[in-house]
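Participant: Submitted below is the structure of interest, expressed as structure tokens.
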Amino acid sequence: MKDLYLIGGGGHCRSCIDVIELEGQYRILGIFDRKENIGGEVLGYKIIGSDDDLAQYVSQSTFFLITVGQIKTADIRINIFDKLISLKAKLATVISPRSYVAKHAAVLEGTIVLHDALINSNAKVGMNCIINTKSLIEHDAVVGDHCHVSTAAVINGGCIIENGSFVGSNTVLKESITVPEKSVIPAGSFYRGK
């Protein structure tokens with residue numbers, strides 16, 4: 001098993017831990033969160049430091065996963081991602097064994113694919129994304145970096161979601177449309193593009 005540190009100790013972290021434990025590829029060594037939370041625990045894993053402490057934990061044998069959630073903006077996740085890249089840290093890619101990623105699809109580093117998500121043939125998911133529970137990324141769709149495709153969202157074939165965007169729960173994207181960078185599409189929408 002590979003050693004893993006998580007960054008962010010809230011509700012999304014708890015969902016990530018469940019996937020990580022089920023996948024069985026990584027051993028969680030600790031969590032980084034706000035300074036006032038150091039010494040606490042999330043599902044039995046210790047909060048060992050804050051973002052200021054990351055540098056001393058970076059090594060050739062350790063991986064990191066950003067477990068801060070994302071709704072209105074990706075800024076916090078992007079800032080942490082940029083810091084990890086500057087430290088030359090290795091980013092984990094976590095894929096639930098209860099999800100399906102097609103042989104000819106791509107999921108890049110720092111992304112987590114949660115339970116029952118489906119990523120179909122020739123789809124591409126960028127870095128530092130959340131592909132949440134029961135979401136569908138159809139054939140030939142492209143999800144940019146730092147995006148969150150929320151629970152039960154449907155990204156139809158040929159769609160492009162540009163960097164830093166959020167697609168809310170139960171949203172359906174019409175096929176072959178583009179979602180502009182840093183968009184926030186509310187839950188339950190039928191999005192036809194602009």
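The values are calculated or read from the model by the stated rules, or taken from the named source; none is laboratory data. Because the structure is predicted, anything quoted here is derived from the model rather than measured. With ideal geometry, Cβ positions are generated from the backbone for all residues, glycine too; neighbour counts draw on all protein chains shown. Remember, those area values only see protein heavy atoms, side chains included, never the ligands or the DNA or RNA. Shrake-Rupley method; radii C 1.70, N 1.55, O 1.52, S 1.80 Å.
Participant: Please report, largest first and rounded to whole Å, the three semi-axes of the ellipsoid equivalent to the range 93-146, where each semi-axis is the square root of five times an eigenvalue of the C-alpha gyration tensor. Write down the numbers at each step before the final one.
Facilitator: Working: eigenvalues 36, 35, 17 Å².
Square roots of five times the eigenvalues give 13, 13, 9 Å.
Participant: Considering amide H positions built from the backbone, and no H for Pro or chain starts, which residues 5 or more places from Gly30, or on another chain, come under 5 Å of its amide H?
Facilitator: Those lying under 5 Å, H to H, from Gly30 are Leu6.
Participant: How high is the relative contact order of the range 32-180, in percent, with contacts defined as C-alpha pairs under 8 Å that are six or more residues apart?
Facilitator: Numbers: 380 pairs, mean separation 21.1, N = 149.
The normalised contact order for the range 32-180 reaches 14 percent.
Participant: Can I ask one more? Note the angle between two axes, namely the Cα long axis of helix 11-23 and the longest principal axis of the Cα atoms of the chain, as a number of degrees from 0 to 90, rounded to the nearest 10.
Facilitator: Around 90 degrees separate the two axes.
Participant: Which one, Leu108, Asn122, Ala74, is farthest towards the positive end of the dipole of the chain when Lys and Arg carry +1 and Asp and Glu -1 on their Cβ?
Facilitator: Selected residue: Asn122.
Participant: Let me ask something else. Nearest-5 percent of antiparallel DSSP beta bridges in the chain? Intermediate values should be presented prior to the final figure.
Facilitator: On the way: 2 of 45 bridges.
Roughly 5 percent of the DSSP beta bridges within the chain come out antiparallel.
Participant: Also, I was wondering about something else. Counting only residues 5 or more places away or on other chains, whose amide H sits under 5 Å from the amide H of Ile161 once H atoms are built in the peptide plane?
Facilitator: The answer is Val142, Val143, Gly144, Val179.
Participant: Just reorder His146, His104 by solvent-accessible area, largest first, 1.4 Å probe, all chains present.
Facilitator: On the way: His146 20, His104 120 Å².
Largest to smallest exposure gives the sequence His104, His146.
Participant: Around Leu173, with a cut-off of 11 angstrom between Cβ atoms, what is the net charge of the other residues, counting Lys and Arg +1 and Asp and Glu -1? Please report the intermediate quantities before stating the final value.
Facilitator: On the way: positive: Lys174, Arg192; negative: Glu138, Glu175.
Computed value for this residue: 0.
Participant: Where does helix 75-86 land angle-wise versus the long Cα axis of the chain, in degrees 0 to 90, nearest 10?
Facilitator: 60 degrees
Participant: If the cut-off is a Cα-Cα distance under 27 Å, which lysines reach Lys88, setting aside same-chain residues fewer than 8 apart in sequence?
Facilitator: Lys88 reaches Lys2, Lys35, Lys46, Lys124, Lys182.
Participant: In the chain, what percent of the accessible surface is made up of carbon and sulfur (1.4 Å probe, ligands and nucleic acids excluded)? All intermediate terms of the calculation are to be shown ahead of the outcome.
Facilitator: Numbers: 4430 of 8860 Å².
That fraction is 50 percent.
Participant: Going Cα to Cα from Lys83, which aspartates and glutamates come in below 16 Å? Please leave out same-chain ones fewer than 8 positions away.
Facilitator: Asp33, Asp51, Asp52, Asp53, Asp75, Glu109, Asp145
Participant: Shifting gears a bit: Can you order the peptides 22-32, 157-167, 129-139, 49-59 by their average number of other Cβ atoms within 10 Å per residue, highest first? Don't skip to the answer; put the middle values down first.
Facilitator: Working: 22-32: 17.0, 157-167: 21.8, 129-139: 23.4, 49-59: 13.9.
The peptides rank, most packed first, as 129-139, 157-167, 22-32, 49-59.
Participant: Please compute the volume of the convex hull spanned by the alpha-carbon atoms of the range 40-115 and report it per residue in Å³.
Facilitator: Values: hull volume 11.1 nm³, N = 76.
Looking at the range 40-115, the number lands at 146 Å³ per residue.
Participant: Any chance you could list P(r) for the range 1-152, counting all Cα-Cα pairs in 5 angstrom bins from zero, rounded to whole %?
Facilitator: Taking all Cα pairs of the range 1-152, the binned fractions are 2, 10, 20, 24, 21, 14, 6, 2, 1 percent.
Participant: Step through the residues of the range 109-122 one at a time and calculate ³J(HN,Hα) from phi using the Karplus curve (6.51 cos²θ - 1.76 cosθ + 1.60, θ = phi - 60°), rounding each to whole Hz and writing x for Gly and Pro.
Facilitator: Those phi angles translate into 5, x, 9, 10, 10, 8, 3, 6, 6, 9, 10, 8, 4, 6 Hz.
Participant: If you don't mind, another one. Explain nothing, just the number: relative contact order of the range 87-134, from Cα pairs under 8 Å at least 6 residues apart, as a whole percent.
Facilitator: Details: 106 pairs, mean separation 17.6, N = 48.
Answer for the range 87-134 is 37 percent.
Participant: Provide the per residue accessible area, probe 1.4 Å, for the chain, rounded to a whole number of square angstrom.
Facilitator: 46 Å²
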